[in-house]
Amino acid sequence: MNLGLLAERVAARTPRATAVMSADGTAMDFATLARRARSLAYQFRARGIYPGERVALAMSNHDSFFEILLGAWQAGLIVAPMNSRLLPAEAEALMANCGARLCIATPELAQGIAAVSSRDILDVDSDTYRRASAGEDANPAVELPMGAGAWLFYTSGTTGRAKGATLTHHNLQAMIDSFLADSGCAVDEAMLHTAPLSHAGGLLGLAFLQQGLPQVVMPTGALDAPAVRRALLLHRRSSLFAVPTLLNRLADPDFLGEASRGRVAKIMFGGAPMYAQDLKRAIAALGAMRLWGGYGQGEAPCTIAHIPSELLADSGEHDREELLGSVGIPRTGVELRIADESGQALPVGEAGEVQVRGRVVMAGYWNDQSATDKAFQDGWLRTGDIGRVGSTGLLTLVDRAKDMVISGGSNIYPREIEETLLRHPAVREAAVVGCPDREWGEVPVAFVVLRTPATAAELEKFCLASIARYKRPREYRFVEELPKSSYGKILKAELRATLDARHLANPKEIQ
Ligand code: AMP
């Protein structure tokens with residue numbers, strides 16, 4: 001099986017249907033997309049790049065993303081899309097990790113990478129690329145063995161060793177199948193790419209591609225209201241992937257306006273915790289049937305659990321508060337369990353590690369057997385997320401294992417404190433991290449972005465009304481904004497790094 005043939009298949013059916021559209025409205029049809037992919041595949045081979053070799057992508061959002069994927073796959077190559085916000089040296093480290101033969105880059109990144117890398121670099125806006133993608137030559141698509149790699153998904157952690165989750169063609173097909181079964185998307189709408197194509201947005205775009213539907217590609221970072229409105233008006237109906245930060249913005253009544261809101265088919269939200277309070281606001285502003293919540297990770301791409309729109313619209317099957325704070329039910333084709341440290345499945349209601357099994361789960365980490373061995377337990381993928389499954393089958397994530405705070409021997413889940421703080425009307429955003437402490441081991445510290453003025457004493461009182469005393473933040477830091485990755489995740493490591501050793505030196509000060 002070779003996913004590089006996705007556009008060929010559509011072109012055989014509806015060659016003139018729009019495949020890719022730029023934010024300015026320029027459109028490319030499926031016949032053209034298929035021809036350009038064939039031409040690129042031919043050129044990769046002509047450059048002496050052989051099946052199984054890697055092509056890294058250092059690209060901000062660009063119309064050529066999908067033709068490059070398809071061309072590379074037809075030639076049997078594995079793509080490694082990288083976060084466009086990485087520094088050149090960080091990108092080079094990932095390329096060294098996977099031994100990339102070629103780096104395809106958007107112009108603003110190409111130069112910086114060339115300064116630190118001796119690799120072959122192809123600028124997507126160069127004449128060389130234009131020629132490579134516009135030829136008529138073609139080789140038959142490479143016949144790939146089961147388990148052939150397609151996409152190296154580099155985990156988005158900002159510290160530690162880079163690990164590339166190896167997603168095979170079969171993993172990605174399983175992701176597409178599950179998406180089509182569960183999401184209610186990719187019916188007759190375009191996919192509007194507001195998020196980086198190198199991450200979940202690009203992965204989910206494959207389902208729309210398979211269905212013969214258009215991708216509307218917005219430039220990275222162009223997320224101001226007028227740009228999003230204009231892009232929505234390009235097509236009759238569009239679905240988009242949004243991290244919680246963007247969903248919160250879209251839910252602001254002034255952001256979209258009537259006309260463009262009417263064009264939104266579905267907002268697929270996920271990638272980071274969506275707090276119950278924010279979700280309620282989004283449902284009120286956009287309507288439950290326009291929302292679909294997804295939970296996944298690079299290692300099980302976008303596909304672990306979901307909250308279908310019907311549940312958000314309140315089917316009465318589940319406790320409402322539990323539902324809104326959960327990530328929903330397991331996805332089609334995914335087995336899910338909660339396990340303790342020794343790999344024993346835990347009963348309903350108990351918190352442990354979320355583990356999954358299924359065709360969507362990665363083959364392993366690229367060239368890293370020891371990380372791969374650690375990622376699996378008895379054939380189950382260890383997600384590193386801590387969660388529990390309630391009596392009606394809803395999965396609630398309590399935290400990332402590494403974000404849990406252990407204070408005086410008790411586990412404190414920052415997520416619970418954050419949910420509490422967000423219920424306070426003055427709080428816009430909150431992130432809680434553990435601070436080393438001589439007496440308690442760790443204590444929770446809250447970083448808070450305020451909507452309206454509030455004091456630490458008020459927030460303390462508010463927390464104590466709904467959570468146990470030992471869980472209360474021992475300190476509040478009021479900040480203008482929280483550091484976030486380009487994928488919308490709060491960078492807790494950066495927050496931790498701002499905490500000084502004061503607590504270690506003088507524990508009494510914070511009691
Ligand atoms: P990545 O592999 O970079 O996509 O990160 C995956 C991690 O993001 C997961 O293991 C979760 O910790 C978190 N995550 C993804 N989707 C959700 C979601 N819907 N709710 C809460 N956390 C999420």
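Some observations on this one:
- Rg to Rh quotient for the stretch 405-509, alpha carbon positions, Kirkwood Rh: 0.94
- Sum of side-chain charges, residue 178 neighbourhood, beta-carbon under 11 Å (Lys, Arg +1; Asp, Glu -1): 0
- Applying the Karplus relation 6.51 cos²θ - 1.76 cosθ + 1.60 with θ = phi - 60° to the stretch 34-50 yields 3J(HN,Hα) values of 5, 5, 5, 5, 4, 5, 5, 4, 4, 5, 4, 5, 4, 7, x, 9, 10 Hz, where x marks Gly and Pro.
- Over all other residues within a Cβ to Cβ distance under 11 Å of residue 225, the charged ones net out to 0, with Lys and Arg as +1 and Asp and Glu as -1.
- Within a straight-line Cα-Cα reach of under 23 Å, residue 280 can be paired with the following lysines, leaving aside sequence neighbours fewer than 8 residues apart in one chain: 266, 484, 489.
- Taking every DSSP beta bridge that has both ends in the chain, the antiparallel portion is near 60%.
- Here the chain is assigned +1 on the Cβ of each Lys and Arg and -1 on the Cβ of each Asp and Glu. Its dipole about the Cα centre then comes out at about 420 debye.
- Within the stretch 1-90, the trypsin sites (Lys or Arg not before Pro) that combine a DSSP coil assignment with at most 11 other C-beta atoms in a 10 angstrom radius are 16.
- Cα point-scatterer Debye curve for the stretch 58-151, base-10 log of I(q)/I(0) at q = 0.16, 0.18, 0.24 Å⁻¹: -0.69, -0.86, -1.35
- Net +/- balance of residues flanking residue 83 in space, Cβ distance below 12 Å, scoring K and R +1, D and E -1: +1
- GluC sites (Glu not before Pro) lying in DSSP loop within the stretch 380-441, provided at most 13 other Cβ fall within 10 Å: 439
- DSSP-assigned coil residues among trypsin sites (Lys or Arg not before Pro) in the stretch 95-181, each with at most 14 further Cβ atoms within 10 Å: 161
- By the rule of a C-alpha distance below 20 Å, with chain neighbours fewer than 8 residues away ignored, the aspartates and glutamates paired with residue 461 are 416, 418, 419, 429, 475, 509.
- In a fully extended conformation the segment linking residue 284 and residue 335 would gain 15.1 nm over its present Cα-Cα distance, using 0.36 nm per residue.
- Extension gain for the segment residue 392 to residue 319, taken as residue separation times 0.36 nm less the Cα-Cα distance, is 25.4 nm to one decimal.
- For residue 19, residues with placed amide H under 5 Å, excluding near neighbours: 28, 29, 30
- When Rg and Dmax are taken over the Cα atoms of the chain, they come to 23.1, 74 Å.
- Qualifying lysines (Cα of each under 17 Å from Cα of residue 163; at least 8 residues distant if same chain): 374, 402
- Signed unit charges on C-beta, dipole axis of the stretch 405-509, positive-most listed residue 426, 493, 466: 466
- Dividing the helix sum by the residues of the chain, where each DSSP H run of 4 or more adds -39500 (n - 2.57), gives a mean residue ellipticity at 222 nm of -9000 deg cm²/dmol.
- The residue among 197, 170, 129 whose Cα reaches farthest toward the positive pole of the charge dipole of the stretch 109-264, with charges on the beta-carbon of Lys, Arg, Asp and Glu, is 197.
- Net lengthening on full extension, residue 137/residue 111 (0.36 nm per residue, minus Cα-Cα): 6.4 nm
Here, each number is a calculation from the coordinates, and none is a lab measurement. Only a predicted model underlies this, so the values are computations on that prediction, with no experimental measurement involved. Cβ coordinates were reconstructed from backbone atoms using ideal geometry, including for glycine residues, and neighbour counts include every protein chain displayed.
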